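Each remark here refers to the structure printed beneath this line.
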Amino acid sequence: MEPMEPIDLSGELPVVQKLTAADVSGILEELAAYHAEFAHLFKRPEQRLGAEIYLRGLLTADVPRKNVEAMVLRLFGAGSDADRRVRALQQFIGESPWDDQAILALHHRLVGQSLGEADGVFILDGSDFPKQGRHSVGVARQWCGATGKKDPPQAGQAGVFLGYASRKGYTLLDRRLYLPASWFDEEHQALWQACQIPTGTEFRTKPELAAEMVEQLLQARPIPGCWVACDEGFGDNPRLLDRVTAAGLWYLAEVAKATTVWPLVEPDGVEPGGKERARPTTWVPERAASGRGRAPTKERVQPASPAKLRLDGFSEEIAPSAWQRFRLLEGAKGPLVADFVAFRALAVRNELPGPEVWVLIRRKVSDEEAEPKNKFYLSNAPADTPLAELVRVAGMRWPIESAFEEAKGELGLDQYELRFWRGWHHHMTLTILAHHFLVRLQRLLNQREGGPKAGGQAPGSRSGNTPPRLRSGAGASLAWPDSAPNPSRPAQLGPGTSTASSHSAATVYRPGGDTGAPLLPAAPQGCLLPIPSQTTPPTLG
């Protein structure tokens, strides 16, 4: 059989791009304006300044490990006040009671403006953080994907994250810290108190945490989108998939090769017009003729029904002519060519026939040994969904992995040294904001260089390809309070003199607003370049 000409879907997916040293002109003004978007959500002046300093530290290039001490020393030097400044920023990120949820809610609206598309994809994934010792919140011996080791388990923390991707780019939206079941036993009560875990916190599995993030986001619907994508760590959980369905979204979930379904076509009938397969039926068996024992009440599959089949076994019998070849992007790996086929089936729920779903199978074309031969997906999308749309969404799961790589490699997502529950969530919140700042900056720079390269215009943006100017406005200098901390209360950040700390700053970057916000085209970056070492250091108060 002659090789198939692949259908090219690479233009339907976000691409990885780079910032260069020549691109950072005006970055401090942009960062000050970005911070001003959120400033009013920090109730105290020292909190507003702390957020500005922490974001600046995360985005500073030449900090080899972005913990609080290293960021403070890089931004302010090692003078006599260094210890006080370190304590102040540690208190801000670790214990200060500012509202993460309000900040993330505004972040979601901004993501909707910069990246939102009606067929956007929400992505669920986990990310692990190896940690030494056992005194940080949620630490347990468990498999940590970051180490690549399954045996023996590594001590670490596990997070569950929600991301978003469209043709315009991708970023992170929300996060949850997973507390292992062992943290709910008597032996962990002292650690529970020491890590300041909120009273009433209940055990949640990772799929349950994932479902809660999706449901919470959809309460306000700040970001357009109709798909949820996830790997088999989440896709193998039917309860999660049913909750996504109940939320009004379509899922495309990778599942294990041993997953069983009731196919509605025969293997040689996957093509249009092919032979259909009988549907299973259920019954409740009649009471034994003797009348002894309890009458059966449990519903069962009729013995004459067709058997469930494993996906890997079924895929081996599909006719070669049923496969279609597609070209798509898969992160930094570049173009990926693979064969796909899809057919309708009944999913399994409690050993009984469940909802009708799509089964999508991806078969590799390359000889790459690290790649499995086939990948399998289930989807609750409508029966008239084109194969190309299922393939597009299957290619939209990698962006969250790229976001993790960028956030860990450039922004210190995994470099925190924080023990408290609040500190973990604070750090993740501000790192998520820092990542989206770079996404917006990349899109702005792409437009400055000649117009959108993908994804069209952002909602409410200007028409035409006139390159925008990097916005100036709130001052770029940072000042630290001169007053010594009061030993009777935790060290705090002082008000300083940063003009970006005020919500009423003269110039605020508002995509789609009435102040002539620039067009935000193209896709986010892969190799990020935060604030470089040659940037003028902050001004001390």
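Could you please let me know if residue 384 is free of Cβ contacts under 8 Å to residues at least 12 places away in the same chain and part of a loop (DSSP other than H, G, I, E, B)? Write out each step before concluding.
Details: free of Cβ contacts under 8 Å to residues at least 12 places away in the same chain: yes; part of a loop (DSSP other than H, G, I, E, B): yes.
So residue 384 fits the description; yes.
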With the first residue restricted to the stretch 295-308 and required to be in a loop (DSSP other than H, G, I, E, B), and the second required to be modelled with pLDDT under 90 and exposed (fewer than 10 other Cβ atoms within 10 Å of the Cβ), Cβ contacts under 8 Å at 6 or more apart or on different chains are 296/286
Members of the stretch 18-40 that are crowded, with 19+ Cβ neighbours inside 10 Å and either modelled with pLDDT of 90 or more or under 22 Å from the mean Cα position of the chain (by Cα) (or both)
19, 31, 32, 33, 34, 35, 36, 37, 38, 39
Number of the condition not met by residue 256 [criteria: (1) closer than 20 Å to residue 124 by Cα; (2) crowded, with 18+ Cβ neighbours inside 10 Å; (3) among the aliphatic types (A, V, I, L, M)]:
(2)
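Given the residues 208, 202, 254, 215, which is the only one that is at pLDDT 95 or above, of a type in the set (Asp, Glu) and closer than 23 Å to residue 111 by Cβ?
Numbers: 208 fails: closer than 23 Å to residue 111 by Cβ; 202 fails: closer than 23 Å to residue 111 by Cβ; 254 fails: closer than 23 Å to residue 111 by Cβ.
The unique qualifying residue is 215.
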Could you please tell me which pairs satisfy a Cβ distance under 8 Å, a separation of 6+ or placement on different chains, a first residue in the stretch 152-178 that is closer than 28 Å to residue 113 by Cβ and free of Cβ contacts under 8 Å to residues at least 60 places away in the same chain, and a second residue that is surrounded by fewer than 24 Cβ atoms within 10 Å (Cβ to Cβ) and hydroxyl-bearing (Ser, Thr, Tyr)?
160/178
Flag for residue 397 being of a type in the set (Lys, Arg) and at pLDDT 95 or above:
no
Across the stretch 178-193, which residue is surrounded by the fewest Cβ atoms within 10 Å (Cβ to Cβ) among those that are in contact with a helix residue (DSSP H, G or I) (Cβ under 9 Å, 6 or more places away or on another chain) and assigned to a helix (DSSP H, G or I)?
182
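Residue 317: more than 34 Å from the chain's Cα centre (by Cα), surrounded by 15 or more Cβ atoms within 10 Å (Cβ to Cβ), at pLDDT 90 or above and over 23 Å from residue 236 (Cα atoms), yes or no?
Details: more than 34 Å from the chain's Cα centre (by Cα): yes; surrounded by 15 or more Cβ atoms within 10 Å (Cβ to Cβ): no; at pLDDT 90 or above: yes; over 23 Å from residue 236 (Cα atoms): yes.
In short, no.
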Name the helices (runs of 4 or more DSSP H) wholly inside the stretch 51-147 in which the number of residues that are within 23 Å of the chain's Cα centre (by Cα) and surrounded by fewer than 16 Cβ atoms within 10 Å (Cβ to Cβ) is 1 or more.
100-115
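Taking the conditions exactly as written (surrounded by fewer than 22 Cβ atoms within 10 Å (Cβ to Cβ), of a type in the set (A, V, I, L, M), modelled with pLDDT of 95 or more and part of a strand (DSSP E or B)), does residue 172 satisfy them or not?
No.
The values are calculated or read from the model by the stated rules, or taken from the named source; none is laboratory data. What you see is a predicted model; the values in this text were computed from it and never measured. Cβ: placed from backbone, ideal geometry, glycine included. Neighbour counts: every protein chain shown.
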